[in-house]
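Undergrad: First the structure, which I've put down as structure tokens, then a few questions once you've had a look.
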Amino acid sequence: EAGVVQSPRYKIIEKKQPVAFWCNPISGHNTLYWYLQNLGQGPELLIRYENEEAVDDSQLPKDRFSAERLKGVDSTLKIQPAELGDSAVYLCASSSGPETDTQYFGPGTRLTVL
Amino acid sequence: SQQGEEDPQALSIQEGENATMNCSYKTSINNLQWYRQNSGRGLVHLILIRSNEREKHSGRLRVTLDTSKKSSSLLITASRAADTASYFCATAQGSNYKLTFGKGTLLTVNP
């Protein structure tokens, strides 16, 4: 069974440019999460989807960040415009339900904003 | 804000020794989970302990939970060089089981 797939693995952009990250969860997993991980820190939740509905986006900086999960499968996280402080690893995870024990994480996208 | 805090921040041991990491948290939880993160890789789920459990084993891993002290420990026995990684505790809280991670313990196992 394939795990959570993310692309790209690495992205380097100039500040003020837009950037997008893509995530394909494990087949059959209805719950999808986007996390932000700064260097030396644990992941912090940005947004959680149940199917195509964003049920927890309280930590998503909505002035520049947006996310979508059309058809309740793949998801895209976008930053526009990117700032220097956005440099971090963006992790996607999925689970078969919000109360399920285990979240399965993808390898992440390492973003560097110059 | 981060709910769990791991201790120590870094730990260096020799292969074959045991490694113990601790996690403290602030508010009531549904369960507590431990994850491992190798350099350049994603997080891997190791073990989960529910709030009504006190101890759990999985292979060379042993987890304890003391809800009265709001703390947990992860013991890795007979460590191997391949155990070198960052270990994170994560607490699941609320009706939606939201996970909140700590800052992690960096474990180095020297061959």
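The values are calculated or read from the model by the stated rules, or taken from the named source; none is laboratory data. Please read all numbers here as calculations on a predicted model, not as lab measurements. Note that each Cβ is placed from the backbone with ideal geometry, even for glycine, and that neighbours are counted across all protein chains shown.
Undergrad: Consider only pairs whose beta carbons are under 7 Å apart and that are at least six residues apart or on different chains; among these, list those whose first residue lies in segment B:90-111 and is on the phi > 0 side of the Ramachandran plot and whose second residue is outside any strand (DSSP E or B) and not acidic (Asp, Glu).
TA: Listed by first residue and then by second, the contacts come to B:97/A:98; B:97/B:30; B:104/A:42.
Undergrad: Can you find, within segment A:8-37, the residue that is nearest to the chain's Cα centre (by Cα) among those that are under 30 Å from residue B:10 (Cα atoms) and surrounded by 14 or more Cβ atoms within 10 Å (Cβ to Cβ)? Working first, answer last.
TA: Kept after step one, since they are under 30 Å from residue B:10 (Cα atoms), are these residues of segment A:8-37: A:9-12, A:33-37.
Then drop every residue that is not surrounded by 14 or more Cβ atoms within 10 Å (Cβ to Cβ), which leaves A:11, A:33-37.
Numbers: A:11: 14, A:33: 6, A:34: 3, A:35: 5, A:36: 7, A:37: 10 Å.
Ranking the qualifying residues of segment A:8-37, first place goes to A:34.
Undergrad: Return only the number of the condition from (1) part of a strand (DSSP E or B); (2) surrounded by fewer than 21 Cβ atoms within 10 Å (Cβ to Cβ); (3) small (Gly, Ala, Ser) that residue A:85 does not satisfy.
TA: Answer for residue A:85: the failing condition is (1).
Undergrad: Take residue A:84 and decide whether it is touching a residue at least 24 places away in the same chain (Cβ under 8 Å) and touching a Gly at 6+ places or on another chain (Cβ under 9 Å). Even if it seems obvious, please write down each step before you answer.
TA: Numbers: touching a residue at least 24 places away in the same chain (Cβ under 8 Å): yes; touching a Gly at 6+ places or on another chain (Cβ under 9 Å): no.
Taking the combined requirement at face value, the residue does not satisfy it.
Undergrad: Go through the residues of segment B:47-68 one by one and say whether even a single one is of a type in the set (Gly, Ala, Ser) and in contact with a Gly (Cβ under 9 Å, 6 or more places away or on another chain).
TA: Kept after step one, since they are of a type in the set (Gly, Ala, Ser), are these residues of segment B:47-68: B:51, B:58-59, B:68.
Next, from what is left, pick out any that are in contact with a Gly (Cβ under 9 Å, 6 or more places away or on another chain): none.
The answer is no, given that none of the residues of segment B:47-68 is of a type in the set (Gly, Ala, Ser) and in contact with a Gly (Cβ under 9 Å, 6 or more places away or on another chain).
Undergrad: If you don't mind, there's one more thing I want to ask. Take segment B:62-102 and flag every residue that is in a loop (DSSP other than H, G, I, E, B), crowded, with 17+ Cβ neighbours inside 10 Å and within 13 Å of chain A (Cβ to nearest Cβ).
TA: Once the filter is applied, which keeps residues that are in a loop (DSSP other than H, G, I, E, B), crowded, with 17+ Cβ neighbours inside 10 Å and within 13 Å of chain A (Cβ to nearest Cβ), segment B:62-102 yields B:97, B:102.
Undergrad: Ok, one more. With the condition kept exactly as written, say whether any residue in segment B:6-21 is surrounded by fewer than 21 Cβ atoms within 10 Å (Cβ to Cβ), of a type in the set (Asp, Glu), within 11 Å of chain A (Cβ to nearest Cβ) and closer than 24 Å to residue A:59 by Cα.
TA: No, segment B:6-21 contains no residue that is surrounded by fewer than 21 Cβ atoms within 10 Å (Cβ to Cβ), of a type in the set (Asp, Glu), within 11 Å of chain A (Cβ to nearest Cβ) and closer than 24 Å to residue A:59 by Cα.
Undergrad: Next up: Just one of the numbered conditions (1) touching a residue at least 24 places away in the same chain (Cβ under 8 Å); (2) in contact with a His (Cβ under 7 Å, 6 or more places away or on another chain) is not true of residue A:102; which one?
TA: With respect to (1) touching a residue at least 24 places away in the same chain (Cβ under 8 Å); (2) in contact with a His (Cβ under 7 Å, 6 or more places away or on another chain), residue A:102 is out only on (1).
Undergrad: Among A:81, A:107, A:25, which is within 14 Å of another protein chain (Cβ to nearest Cβ) and at pLDDT 95 or above?
TA: Numbers: A:81 fails: within 14 Å of another protein chain (Cβ to nearest Cβ); A:107 fails: at pLDDT 95 or above.
Answer to the check: A:25.
Undergrad: Still on this structure: Does any residue in segment A:53-76 that is basic (Lys, Arg) come within less than 7 Å, Cβ to Cβ, of a residue that is outside any strand (DSSP E or B) six or more places away or on a different chain, and which pairs are these?
TA: These pairs meet every condition: A:64/A:80; A:64/A:81; A:69/A:52; A:71/A:52.
Undergrad: Sticking with this structure for a sec: Could you tell me how many of the residues in segment A:38-65 are of a type in the set (D, E, K, R), surrounded by 14 or more Cβ atoms within 10 Å (Cβ to Cβ) and more than 10 Å from chain B (Cβ to nearest Cβ)? If you could, list the steps in order and put the result at the bottom.
TA: Here is the first cut: in segment A:38-65, the residues of a type in the set (D, E, K, R) are A:44, A:48, A:50, A:52-53, A:56-57, A:62-64.
Right, trim to surrounded by 14 or more Cβ atoms within 10 Å (Cβ to Cβ) and you get A:44, A:48, A:50, A:52, A:56-57, A:64.
Within this subset, residues satisfying the condition of being more than 10 Å from chain B (Cβ to nearest Cβ) are A:52, A:57, A:64.
So the count comes out to 3.
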